[in-house]
Structures are given as structure tokens and as C-alpha cells.
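Heads up, the thing below is written out as C-alpha cells.
The values are calculated or read from the model by the stated rules, or taken from the named source; none is laboratory data. Source: prediction; values computed, not measured. Positions of Cβ are generated from backbone atoms using ideal geometry, with glycine treated the same way; all protein chains shown enter the neighbour counts. Only protein heavy atoms, including side chains, enter the accessible area calculation; ligands, DNA and RNA are left aside. Shrake-Rupley method; radii C 1.70, N 1.55, O 1.52, S 1.80 Å.
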Amino acid sequence: MPASPAAGTFGGVSDCLFCRILEGDVPSEEVLATEGVYAFRDINPQAPTHVLVIPREHIESADTVEAHHGDVLAEMVLAAQRVARADGIVDGGYRLVWNVGDDAGNTVPHLHLHVLGGRRMAWPPG
Ligand code: 5GP
Ligand code: ZN
């Protein structure tokens, strides 16, 4: 039985949207939950599979990741693998994205790994 998002966050930031999702204050469509991370469907999907994997700990972005975050980063990637398998997009291929800062289109200041798949994607990205 996976932990519910209401299992919450640690170091949560009350005005952070994704911390509020972790606390259950903002509803989300759960895909999977582990001790350290939570995965849910993006509200504005850019592909048939578009899932966000977030750490329960409030980390602002990939640019503020520190060496001691190594375990939770690995947990995020392992969760992304599980999402891809569950959604059946491994054979077709999928894309993992970390947006950092304005030029990359980063809008939510809580680290999140986009898992995108289920359609052919272009490179370079727009
Ligand atoms: P970013 O642009 O920061 O890399 O990604 C933020 C993502 O969060 C966007 O893809 C956006 O659609 C998604 N998002 C923003 N607000 C919500 C929300 O309230 N619920 C969910 N499920 N996704 C959200
Ligand atoms: Zn947060």
C-alpha cells in the first residue's frame, strides 16, 4: 500500500504549490507514492503520459540540489522508471525533463521531474 500524499512533506513551504499538494491541501491525481517522493499527473499534459515526480522535501530546483540529496534524486529517477513501466511507454521511449529558471520555462519553485511519453517528441525542444 503506497503512502498517501497526506503522508506529507518535510521542510514544507506553506506557499509552495507542490508542498500544498503533498499536504493534500491541493488535490492531485496520484500515480505513485514512496517514502521520499510523490508522483502525480500534470494538470496540463503535454503528452499522453505527463507525470511529475517530486521530492517530499522542499528543494527549489536542480540548481539548488546538493550532494546530500543524492538518495532522493535516485528515488525520483527510480519512480520515473516505475511510472514509465506502469504507463507502458518504455518500449516507445520517454523523456525526463528538469526545467531550471525562466529561460527553461520553470514555473513552480519545487523540484520536479517531468516524465513525458506516449508520442513522438522533437529535438531540440521548443
Ligand atoms: P515547470 O514549468 O515548472 O517545469 O513545470 C510545472 C508543471 O506543473 C507544469 O507542467 C504545470 O502544468 C504543472 N502544474 C501547475 N500547477 C499544477 C497543479 O495544480 N496540479 C498539477 N497536477 N500540475 C500543475
Ligand atoms: Zn515545496
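Charged neighbours of Gly12, selected by a Cβ distance under 9 Å, balance to 0 (K, R count +1; D, E count -1). Would you mind counting up the charge near Asp63? Only other residues with Cβ under 14 Å from its Cβ, with Lys and Arg at +1 and Asp and Glu at -1. Here the charged neighbours net out to -4.
Net charge in the neighbourhood of Arg41 (other residues with Cβ under 14 Å of its Cβ; Lys, Arg +1, Asp, Glu -1) is -4. Against the chain, whose longest principal axis comes from its Cα atoms, helix 70-87 is set at around 50 degrees. Length gained on full extension, Val108 to Ala67: 12.5 nm, using 0.36 nm per residue less the C-alpha separation. Surface composition of the stretch 17-117: carbon plus sulfur atoms contribute 47% of the solvent-accessible area (1.4 Å probe, protein chains only, all chains present). Taking every alpha-carbon pair under 8 Å whose residues sit at least 6 apart, the chain reaches a relative contact order of 26 percent.
Where in the chain lies the longest segment free of GluC sites (Glu not before Pro) that are both loop residues by DSSP (not H, G, I, E, B) and have at most 15 other Cβ atoms within 10 Å?
After excluding every exposed loop site, the longest remaining stretch is 67-126.
Sparsely packed loop sites in the stretch 86-126 (the trypsin sites (Lys or Arg not before Pro) outside DSSP H, G, I, E and B with at most 15 other Cβ atoms within 10 Å) comprise Arg119, Arg120.
Over the chain, dividing the summed -39,500 (n - 2.57) contributions of all DSSP H runs of at least 4 residues by the number of residues returns a 222 nm mean residue ellipticity of -6000 deg cm²/dmol. Estimated at 0.36 nm per residue, the fully extended path between Val100 and Arg82 surpasses their Cα-Cα distance by 4.1 nm.
Pairwise Cα separations in the stretch 17-117 fall into 5 Å bins from 0 onward with the following percentages, short to long: 2, 13, 25, 26, 21, 10, 2, 0.
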